[in-house]
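Presented below is the structure to which this report refers.
The values are calculated or read from the model by the stated rules, or taken from the named source; none is laboratory data. Keep in mind it's a predicted model, so treat the numbers as computed, not measured. Because the Cβ atoms are built from the backbone with ideal geometry, glycine has one as well, and the counts that use them run over all protein chains shown. SASA here: full protein model, heavy atoms, side chains in, ligands and nucleic acids out. Shrake-Rupley method; radii C 1.70, N 1.55, O 1.52, S 1.80 Å.
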Amino acid sequence: LLARQVQEGTQGISASQSDDSSAVNFSEIMQGSIDGVNNQQMKASAAAKAFELNDPSVPLSSVMIEMQKARVSFEALKQVRNQLVDAYKQVMNMPL
């Protein structure tokens, strides 16, 4: 869900294509990052749910670590998104 919100904020950004086959597509990198953050949040949510259901194999410390990993990865992605939006605004405000 959170990844979808970030993705909606970055839909207007596209990468330029190159003839070089080794060139990396920017949109693929962003999509991979969004998917990674989403997976981390789902993993943290599953760990929290397992702990709440008294699963003895899930200690509180691992739940807290997974929650912090999810929070940090989301914050990092959010900062990248904010920088991209700022760069887009600066390019759009450049005089021709």
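Per residue, the range 19-72 exposes 71 Å² of accessible surface when a 1.4 Å probe is rolled over the protein heavy atoms with every protein chain present.
The slack between residue 71 and residue 96, meaning 0.36 nm per residue of separation minus the straight C-alpha distance, is 5.0 nm. Multiplying the residue separation of residue 50 and residue 24 by 0.36 nm and removing their Cα-Cα distance gives an extension gain of 5.5 nm.
Across all Cα atoms of the range 28-69, the radius of gyration (one decimal) and Dmax (whole number) stand at 12.1, 39 Å. Each peptide among 56-68, 28-40 gets the average number of other Cβ atoms lying within 10 Å of its residues, and from highest to lowest they stand as 28-40, 56-68. Subtracting the Cα-Cα distance of residue 78 and residue 62 from their residue separation scaled by 0.36 nm leaves 3.3 nm.
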